[in-house]
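S.K.: Please find one structure pasted underneath; my questions will follow.
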Amino acid sequence: MTKKILPTTVVGSYPKPKWLNQLIGEHAEGKISDEIMERAYQDSIKAVIKEHELAGVDILWDGEMRREEMTSYFAEHIDGFKIYGEVRVWGNNYYKKPAIVDELGYRDELTIPDYKFLRKITKNEIKVPITGAYTIVDWSFNEFYKTKEDAIYALSEVINEELKGLVRSGVNYIQIDDPAISTHPDEIEIAKNSIEIATRGVNAYLGIHICYGDYSQLYPQVLEFPVDQLDFEFTNKNFRDIEIFKEYEFTKDIGFGCVDVHTKRVESVEEIKDNIRKAFAIVEPKGVYVDPDCGLKLLSSGVAFEKLVNMCQAAEELREEV
Ligand SMILES: [Zn+2]
């Protein structure tokens, strides 16, 4: 992976431009063609990449312009899933909940075309985020497999196919997004087995992103996951979880969430430098990846951009010190 110290990256999502949301709506109503919609996605991704490069982000992703959310987006392309109508998750937010109704199997490439497009439009390093099997199953109905565990392992095989395909396409950094793991600490063994199956024979730098939840329930067991990096949110929790990770030697690299994605307030460069310094209590600077707590998509694009600018500036200034 990157040789640069304190490399900056993003967790994944980025605010969609208003015009893109409008076109997505019109496309769903059949008012514009697939061809125009495809062009719109490509143009929005180019804009995201330009912004991230301007901000100084070292390791890029496409802002997930094509993803509406992180479960059915993948389930729609995997054999054995059926998508039900929208279900309410919290407040007035809805999502299309998938159901497993048959044996799960690899059908379409999930992220490989997005990677290939990105490879053509940036010279920077690229990280590909994909939702983990544990989280997809946890957020779906299981109407086929005897147990949730069986369903998770079957889906992990599908994800494994995709990850191997990514590596064949030239990808060397993959992030598995598995936020549901922190909500069921009693199933951490199943989650670990799932990651083992999904990453078997995958020759790339591997990270896992787990946001929210109580990390004390996952640590130190999560150190046994076969990944190179653990990516966590810290800022929103006011860094109190640092103490948890000090108890046992942190034997992985850390993806250190140093910018809060739940507040519009843009942290200053000095503040973010102080935040990043807190990571050094857990891991040597050479093992620290600098990123926001989570995806930035719920912020306005102006705020998201300013946060990235200050985050990258903070990392740049800290490189002189460490
Ligand atoms: Zn997250």
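The values are calculated or read from the model by the stated rules, or taken from the named source; none is laboratory data. What you are looking at is a predicted structure, and each value in this text was computed from that prediction instead of being measured. Because the Cβ atoms are built from the backbone with ideal geometry, glycine has one as well, and the counts that use them run over all protein chains shown. When the accessible area is computed, the model is the full protein with side chains, heavy atoms only, and any ligands, DNA or RNA have been set aside. Shrake-Rupley method; radii C 1.70, N 1.55, O 1.52, S 1.80 Å.
S.K.: Here are some conditions: (1) within 16 Å of the chain's Cα centre (by Cα); (2) of a type in the set (A, V, I, L, M, F, W, C); (3) assigned to a helix (DSSP H, G or I). Residue 117 meets all but one. Which one does it not meet?
M.R.: (1)
S.K.: Anything in the range 280-297 that is more than 16 Å from the ligand (Cβ to nearest atom) and touching a helix residue (DSSP H, G or I) at 6+ places or on another chain (Cβ under 7 Å)? List them, or say none.
M.R.: Passing the criteria: 281, 282, 288.
S.K.: Confirm whether residue 103 is loosely packed, with under 14 Cβ neighbours inside 10 Å and either in contact with an Asp or Glu (Cβ under 9 Å, 6 or more places away or on another chain) or at pLDDT below 95 (or both).
M.R.: Answer is yes for this residue.
S.K.: In addition: May I ask you to verify whether residue 300 is away from the ligand (no atom under 16 Å from the Cβ) and out of contact with any Pro (no Cβ under 8 Å at 6 or more places or on another chain)?
M.R.: Spelling it out, it is not the case that residue 300 is away from the ligand (no atom under 16 Å from the Cβ) and out of contact with any Pro (no Cβ under 8 Å at 6 or more places or on another chain).
S.K.: In the range 207-222, how many are away from the ligand (no atom under 16 Å from the Cβ) and open to solvent by less than 10 Å² (accessible area, probe 1.4 Å)? Reasoning before the result, please.
M.R.: Initially, the range 207-222 is screened for residues away from the ligand (no atom under 16 Å from the Cβ), giving 216-217, 219-221.
Checking which are open to solvent by less than 10 Å² (accessible area, probe 1.4 Å) leaves us with none.
Number of matching residues: 0.
S.K.: Sticking with this structure for a sec: When you go through 225, 256, 250 one by one, which is the residue that is modelled with pLDDT of 95 or more, open to solvent by less than 10 Å² (accessible area, probe 1.4 Å) and either farther than 20 Å from residue 14 by Cβ or among the basic types (Lys, Arg) (or both)?
M.R.: Exactly one of 225, 256, 250 is modelled with pLDDT of 95 or more, open to solvent by less than 10 Å² (accessible area, probe 1.4 Å) and either farther than 20 Å from residue 14 by Cβ or among the basic types (Lys, Arg) (or both), namely 225.
S.K.: Taking the stated definitions as given, is residue 30 assigned to a loop (DSSP other than H, G, I, E, B) and in contact with a Pro (Cβ under 8 Å, 6 or more places away or on another chain)?
M.R.: no
S.K.: Quick check on the range 190-198. Is at least one of its residues touching a residue at least 12 places away in the same chain (Cβ under 8 Å), of a type in the set (Asp, Glu) and open to solvent by 10 Å² or more (accessible area, probe 1.4 Å)?
M.R.: Yes: one or more hits.
S.K.: So which residues in the range 156-178 are open to solvent by 10 Å² or more (accessible area, probe 1.4 Å) and within 16 Å of the ligand (Cβ to nearest atom)?
M.R.: 177
S.K.: For the structure I just gave you, tell me whether residue 152 is of a type outside the set (Gly, Ala, Ser) and in a helix (DSSP H, G or I).
M.R.: Considered against the rule, which asks whether it is of a type outside the set (Gly, Ala, Ser) and in a helix (DSSP H, G or I), residue 152 comes out as yes.
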